[in-house]
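A.B. asks: Got a structure for you, written out below as structure tokens; questions coming shortly.
The values are calculated or read from the model by the stated rules, or taken from the named source; none is laboratory data. Since this is a predicted model, take the numbers as computed values, not measurements. Using ideal geometry, Cβ is built from the backbone for each residue, glycine included, and neighbour counts are taken over all protein chains shown.
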Amino acid sequence: MAVGGKRRWWWERRAAVVAGVTIAVSVWVGSHCYFRRENMAKAEEALVSMCEERARMIQDQFAVSVNHVHALAILISTFYYQKQPPALDQETFAYYTAKTAFERPLLNGVAYAERIIHSQREIFETRQGWTIMTMKREPSPIQDEYAPVIYSQETVSYIEAIDMMSGEEDRENILRARATGKAVLTKPFRLLESNHLGVVLTFPVYRSGLPEDATVEQLVEATAGYLGGAFDVESLVENLLRQLAGNQEITINVYDITNASEPLIMYGPQIPEGYMPLSHVSMLDFGDPFRKHQMHCRYREKPPLPLSAITTPFGIFVIIMLGGYIVFAAKNHYDNVKEDCRKMEELKVQAEAADVAKSQFLATVSHEIRTPMNGVLGMLDMLLDTDLNLTQKDYAQTAQVCGKALISLINEVLDRAKIEAGKLEIEAVPFDLRSILDDVISLFSSKSREKGIELAVFVSDKVPEVVTGDPGRFRQIITNLVGNSVKFTERGHIFVQVLLADNSDLGADGKVYSGLNGLSQSEKVQIMSDCTFDTLSGFEAADTRNNWENFKLLLSDEMFLPEVSTFDKEPDIVTLIVSVEDTGIGIPLRAQDRVFTPFMQADSSTSRNYGGTGIGLSITKCLVELMGGQINFTSRPNVGSTFTFTAVFKRCNKDAIADTKRTLSEALPTGFKGMKAFIVDGKPVRNAVTRYHLKRLGIAVEVANTVKMMLNSLTRQSSNFRAGRQPYIILIEKDSWYTGMDVYLHNQLLLLKQNDCVLELPKVILLVTCEYDKMSTGSLVDTVIIKPLRASTVAACLQQVLGMEKQQKKELSNGPTNLRNLLAGKNILVVDDNKVNLRVAASALKKYGARVECAERGKDALLLLQLPHKFDACFMDVQMPEMDGFEATRQIRLMESKANEQISNGGASREGEDSMIVEWHLPILAMTADVIQATYEECLKCGMDGYVSKPFEEQQLFQAVAKFLVSKPSSDS
Amino acid sequence: MSLMVLREQLNVLVNSMFLEGLLDAQFRQLQMLQDASNPGFVAEVITLFCEDSERMLTELTKLLDQAVVDYQKVDAYVHQLKGSSSSVGAQSVKLSCIQFKQFCEENNKEGCLSELNMVKHQYYSLRSKFETMLQLEQRIQAYDSEQQN
């Protein structure tokens, strides 16, 4: 296709070039022709004007000559005929005509011939002294009439005595002249003597007394003689034209066209010459109506083409070619750019596809890696159970730790890929935020103890106990952040704080603060007091928001506005601000803007020193955004970092809270309600944390900065204590403790008791951060709690110290036990066409104490599930012959809805013990081998309640089952 | 032979099967499901599996022998086989089945035939191991009951 396209493109380009050149050439030709024609028109115009000018001139000159001949005629008639004797003779005539020759430039001579009748010939001849001659110079034969020349101008004296009637043309002329009384012309002929072409003009002279309207006969009768002159047209016209400008350029022919079919040439070359296509014809009027004359003018040579007729079109041609080239080049460029753009587009699509492919590949590969890794880890587990010597055990443990790290990394990558592929879904289940935080804290407690860093959690009282959201993801976020903090912190503290967004506007300030990383030093210095900071551990923190100044405000806020939240108008949405503050190494300034980019760590040395992949924070960011929140941070190198994120949860309604409390959170012991405790701690933030945990246990708290102050206030308030029947607990921070303190305190307390200030000796509990501190405490302390504090650990300690009975101590939640709780005594139907699967599933469920029945076909299951039945749940294979799981479920649901209708219609049709079950709805869980494909919706669509993977995975089974089955603790047997 | 030796042998056998990739974690689950209350569980499941598989393999062979192959039926059988093998934790058979299913979906007869042979091969090698395993377990149980008596 590309080749064809290129070919076509090439042809198109070719055609465009040809078309462009053609246009340019045609414009060139066109304009050239135009100029040429213009030029011709101009030349013709010039020719016309020149021709007309010449014609008029000749005509005028001719007229002048004729007029003068006319004048001569008058002269003759006056002086010759009206004078007796005549006053004119040859001499006078010749003299006069010679002198007035300039008046007749076209006539080379004039002569006068008298009319002689034959009868008068003899008289005439004798009077003149010569005989009348013919043109051939012979004595004239006898004629009726003669016209012998009697007077002649010098120039034509040779025609004297010649009878003009003897010449053909002359005779004709004479006859015509005397008949008309006007000047007439002969046709051109060769003149005597000169042999030039010429015409003869003849003018009649009449005797006087002629009437105005004389007839032809009268005219002929009155004729006395004839005046004639020869026009030597050729030489005369030539002389005339020579005077005019532009004579060289044109040739002129003069014709006598009396006989139209046979024009007789009067002037000019016999064969017309010069530039034939362009000629002009002018009519000449020489005053003889009988004769007609024409003048033909044409250029001697073709009129030359002006230079501009060539240069201008050429210029236009060049301009058009240039313009065409510009367009062509532009088009070319445009094509190239378009082509490039298309390529880019293609590459972009490829890149995007590659990105998606990458994510999918990651997801697939990590999934595939997970499977064998589970094998590896399982084997390592088993290996560790066998008899190993210490070295072997160490190796195996290392391998296991590495394997676990790898699995968690793979999970992270999988998460990341899932998020990128948009496949991660956020759950919405009710959960107890505080217990999750406690869990996370306990996860890191050993590490924090090892390092001796303070790890604390504080949740604002306003945060509802139970919210709806995704606990797993929330836990993941907190774990990631705290994990990071623990990793990078060697001293000081890590402080997790959860606040309600609307009870402090600090959240909004967070964005501003994050821009000021490391800049507001001076501000922070002011907060310093006694070289320590008012933070949890006294170390400086990157974000000032968690210091006492702000914290105090927050606390007082809570104290003065207690529990407004019980009103109905509280919003459905709970926005929490969670901040994780540490006093670790911080993030270098230059790395701060790519903290959330996947696989980016602050620098490569980080991964060498601290390990990790750098994917955690990017996942955290994604998760936070998925949960409708934002994350940002403040960090100062070598001071610490504070990560703050918002999370949006839904508020739970009251029933759900009660429900969730029962099933999800391990309830805290309630036996401490009404007790009082005294906290001795110089650090306000820290004691606020301690107070928070004690409050959760229902213990009222008082605070003192030092032991002495505590003792003082004990003494002062002694009267109150008499009333207080509860044992008094004193929690003392390690900071306020010193060697020998135990003895001192004990003595003091004993003293108080003796003074009846207290009823019984208060229990003294020391709070320490690491194992090492535990050793250095005195013997007179009742117990030591190693931080981090958790409500449950505190409770356990207090129970131990106070000797309280273990109140229905439940086993801590671990999978199998819980599953056992859930499934014990339940009747469960398992439907699968595969016997092996059926057997395995059944025995797995049996192992958890369930009573299992099996069905191999969907139809059997339907029979077993005819209402009323005893089953609590049904596990259904999806793919079965005849009737698959979806179909079976639909039928079961149909059955149930019918039955439910009957119940609602017929009132209490089902009597007895089950009356509290309002509706039939058997939890049906799909069993499917490929959990990834079997989407939740697909199961829901046909009325299923969830799905479990096949073969069963404990955790997933538990999660799926926990939603539907209520554990029956009583049926443990 | 002492009980310990038998146990050891069984362990070695099972571990070798894991290493060869014949079995996966699911088999561990099965083993964990077996306790005092149902001592013969693993044996029972394995026997069930073997019976089932052999039946299906014969069916599959028949189906694929025909000139016009009913791929839907083949697919159903292969799915069954896959399900039961994954339940037992017979990894190699399961993986072959997945491949088989793919060929089946492509209606690729040659692929199906070669994959059927593969599955058979995997299955028979697994069965022989299973047989040894079951014998060992029987002996162990016999030992147990002897001791109890």
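A.B. asks: If I filter the stretch A:826-843 down to residues being within 14 Å of chain B (Cβ to nearest Cβ) and touching a residue at least 40 places away in the same chain (Cβ under 8 Å), which single residue comes out as farthest from A:Phe886 (Cα to Cα)?
C.D. replies: For the stretch A:826-843, the residue satisfying everything is A:Val840.
Conditions (1) without any contact (Cβ under 8 Å) to a residue 60 or more places away in the chain; (2) polar (S, T, N, Q); (3) more than 23 Å from B:Asn15 (Cα to Cα), marked per residue:
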position: B:Pro39; (1), (2), (3): no, no, no
position: B:Thr47; (1), (2), (3): no, yes, no
position: B:Glu51; (1), (2), (3): yes, no, yes
position: B:Tyr71; (1), (2), (3): yes, no, yes
position: B:Gly89; (1), (2), (3): no, no, no
position: B:Cys104; (1), (2), (3): yes, no, yes
position: B:Cys112; (1), (2), (3): yes, no, yes
position: B:Glu115; (1), (2), (3): yes, no, yes
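A.B. asks: Can you tell me which of A:Ala357, A:Ala417 is modelled with pLDDT of 80 or more, among the small types (Gly, Ala, Ser) and part of a helix (DSSP H, G or I)? Can you show your working first?
C.D. replies: On the way: A:Ala417 fails: modelled with pLDDT of 80 or more.
Answer to the check: A:Ala357.
A.B. asks: Taking the stretch A:371-393 only, how many residues are away from every other protein chain (no Cβ under 11 Å) and either more than 20 Å from B:Met17 (Cα to Cα) or surrounded by 13 or more Cβ atoms within 10 Å (Cβ to Cβ) (or both)?
C.D. replies: Adding up the residues that qualify gives 9.
A.B. asks: Across the stretch A:243-277, what is the total count of residues that are assigned to a loop (DSSP other than H, G, I, E, B) and under 30 Å from A:Pro304 (Cα atoms)?
C.D. replies: First, pick out the residues of the stretch A:243-277 that are assigned to a loop (DSSP other than H, G, I, E, B): A:243-249, A:257-263, A:268-277.
Now restrict to residues that are under 30 Å from A:Pro304 (Cα atoms): A:243-249, A:268-277.
Qualifying residue count for the region: 17.
A.B. asks: Another one. Take the conditions at pLDDT 85 or above and not in a strand (DSSP E or B) and apply them to A:Gly671. Does it pass?
C.D. replies: Spelling it out, it is not the case that A:Gly671 is at pLDDT 85 or above and not in a strand (DSSP E or B).
A.B. asks: Within the stretch B:27-36, track down each residue that is within 26 Å of B:Val78 (Cβ to Cβ) and either more than 8 Å from chain A (Cβ to nearest Cβ) or touching a residue at least 60 places away in the same chain (Cβ under 8 Å) (or both).
C.D. replies: B:Phe27, B:Arg28, B:Gln29
A.B. asks: Next question. Consider only pairs whose beta carbons are under 9 Å apart and that are at least six residues apart or on different chains; among these, list those whose first residue lies in the stretch A:876-895 and is away from every other protein chain (no Cβ under 14 Å) and whose second residue is polar (S, T, N, Q).
C.D. replies: Listed pairs, sorted by first residue: A:Met895/A:Gln866.
A.B. asks: Can you name the number of the only condition in (1) at pLDDT 80 or above; (2) within 18 Å of A:Gly943 (Cα to Cα); (3) within 14 Å of chain B (Cβ to nearest Cβ) that A:Val852 fails?
C.D. replies: A:Val852 satisfies every listed condition except (2).
A.B. asks: Counting only residues that are of a type outside the set (A, V, I, L, M, F, W, C) and at pLDDT below 85, which one in the stretch A:101-113 is surrounded by the most Cβ atoms within 10 Å (Cβ to Cβ)?
C.D. replies: A:Arg104
A.B. asks: For the structure I just gave you, tell me whether A:Thr364 is of a type in the set (Ser, Thr, Tyr) and either at pLDDT below 80 or under 22 Å from A:Arg473 (Cβ atoms) (or both).
C.D. replies: Criteria met by A:Thr364.
A.B. asks: Are any of the residues in the stretch B:9-26 within 10 Å of the chain's Cα centre (by Cα), touching a residue at least 60 places away in the same chain (Cβ under 8 Å) and more than 10 Å from chain A (Cβ to nearest Cβ)?
C.D. replies: Within the stretch B:9-26, the first condition is being within 10 Å of the chain's Cα centre (by Cα), and the residues that meet it are B:22-23.
Then drop every residue that is not touching a residue at least 60 places away in the same chain (Cβ under 8 Å), which leaves B:22-23.
Cutting the leftovers down to more than 10 Å from chain A (Cβ to nearest Cβ) gives us B:22.
Yes: one or more hits.
Conditions (1) in contact with a Pro (Cβ under 9 Å, 6 or more places away or on another chain); (2) aliphatic (A, V, I, L, M); (3) over 29 Å from B:Ser16 (Cβ atoms), marked per residue:
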| site | (1), (2), (3) |
| --- | --- |
| A:Leu362 | no, yes, yes |
| A:Glu368 | no, no, no |
| A:Pro372 | no, no, no |
| A:Met379 | no, yes, no |
| A:Leu383 | no, yes, no |
| A:Leu388 | no, yes, no |
| A:Ala396 | no, yes, no |
| A:Leu409 | no, yes, yes |
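A.B. asks: Another one. Residue by residue through the stretch B:37-55, note down the ones that are within 11 Å of chain A (Cβ to nearest Cβ) and within 14 Å of the chain's Cα centre (by Cα).
C.D. replies: B:Val42, B:Glu44, B:Val45, B:Ile46, B:Thr47, B:Leu48, B:Phe49, B:Cys50, B:Glu51, B:Asp52, B:Ser53, B:Arg55
A.B. asks: Only one residue in A:Cys402, A:Cys341 is under 30 Å from B:Gln31 (Cα atoms), more than 14 Å from chain B (Cβ to nearest Cβ) and part of a helix (DSSP H, G or I), so which one is that? Explain how you work it out, then say what you get.
C.D. replies: On the way: A:Cys341 fails: under 30 Å from B:Gln31 (Cα atoms).
Unique residue meeting the criteria: A:Cys402.
A.B. asks: Another question about this same structure. If I ask for residues that are loosely packed, with under 15 Cβ neighbours inside 10 Å and either touching a residue at least 60 places away in the same chain (Cβ under 8 Å) or closer than 30 Å to A:Ala161 by Cβ (or both), which ones from the stretch A:211-255 would you list?
C.D. replies: A:Val216, A:Glu217, A:Gln218, A:Glu221, A:Asn239, A:Leu244, A:Gly246
A.B. asks: Which count do you get for residues in the stretch B:96-128 that are farther than 16 Å from A:Gln879 by Cβ and away from chain A (no Cβ under 14 Å)?
C.D. replies: Matching residues across the stretch B:96-128 total 23.
A.B. asks: Now for a different question. Can you confirm whether the stretch A:108-126 contains a residue that is closer than 30 Å to A:Leu278 by Cβ and in contact (Cβ under 8 Å) with a residue 60 or more places away in the chain?
C.D. replies: No, the conditions are met nowhere in the stretch A:108-126.
A.B. asks: Determine, yes or no, whether A:Met283 is in contact (Cβ under 8 Å) with a residue 60 or more places away in the chain and part of a helix (DSSP H, G or I).
C.D. replies: Details: in contact (Cβ under 8 Å) with a residue 60 or more places away in the chain: yes; part of a helix (DSSP H, G or I): no.
No: the conditions fail for A:Met283.
A.B. asks: Please tell me if B:Val93 is within 26 Å of B:Val14 (Cα to Cα) and either within 9 Å of chain A (Cβ to nearest Cβ) or modelled with pLDDT under 85 (or both).
C.D. replies: On the way: within 26 Å of B:Val14 (Cα to Cα): yes; either within 9 Å of chain A (Cβ to nearest Cβ) or modelled with pLDDT under 85 (or both): no.
No; evaluated as a whole, the condition is false for this residue.
A.B. asks: Kindly indicate whether any position in the stretch B:131-148 is within 14 Å of chain A (Cβ to nearest Cβ), in contact with a helix residue (DSSP H, G or I) (Cβ under 7 Å, 6 or more places away or on another chain) and either in a helix (DSSP H, G or I) or farther than 16 Å from B:Leu22 by Cα (or both).
C.D. replies: Within the stretch B:131-148 (the criterion being within 14 Å of chain A (Cβ to nearest Cβ), in contact with a helix residue (DSSP H, G or I) (Cβ under 7 Å, 6 or more places away or on another chain) and either in a helix (DSSP H, G or I) or farther than 16 Å from B:Leu22 by Cα (or both)), the answer is no, since none of the residues qualifies.
A.B. asks: Tell me which residues, restricted to the stretch B:56-83, are within 14 Å of another protein chain (Cβ to nearest Cβ) and either at pLDDT below 85 or within 10 Å of B:Lys101 (Cα to Cα) (or both).
C.D. replies: B:Asp70, B:Gln72, B:Lys73, B:Val74, B:Asp75, B:Ala76, B:Tyr77, B:Val78, B:His79, B:Gln80, B:Lys82, B:Gly83
A.B. asks: Still on this model: Any idea which of (1) in contact with a Ser or Thr (Cβ under 6 Å, 6 or more places away or on another chain); (2) crowded, with 21+ Cβ neighbours inside 10 Å is the one A:Ala841 doesn't satisfy?
C.D. replies: Unmet for A:Ala841, out of (1) in contact with a Ser or Thr (Cβ under 6 Å, 6 or more places away or on another chain); (2) crowded, with 21+ Cβ neighbours inside 10 Å: (1).
A.B. asks: Name the residue, out of A:Glu238, A:Glu217, A:Glu262, that is closer than 18 Å to A:Arg300 by Cα and charged (D, E, K, R).
C.D. replies: Being closer than 18 Å to A:Arg300 by Cα and charged (D, E, K, R) holds for just one of A:Glu238, A:Glu217, A:Glu262, which is A:Glu238.
A.B. asks: Only residues that are part of a loop (DSSP other than H, G, I, E, B) and under 25 Å from A:Lys847 (Cβ atoms): list them for the stretch B:1-35, please.
C.D. replies: Of everything in the stretch B:1-35, those that are part of a loop (DSSP other than H, G, I, E, B) and under 25 Å from A:Lys847 (Cβ atoms) turn out to be B:Leu22, B:Asp24, B:Gln34, B:Asp35.
A.B. asks: Here is a further query. Could you say which residue among A:Lys859, A:Lys870, A:Lys846 is more than 12 Å from every other protein chain (Cβ to nearest Cβ) and either assigned to a helix (DSSP H, G or I) or crowded, with 20+ Cβ neighbours inside 10 Å (or both)?
C.D. replies: Just one listed residue meets the conditions, A:Lys859.
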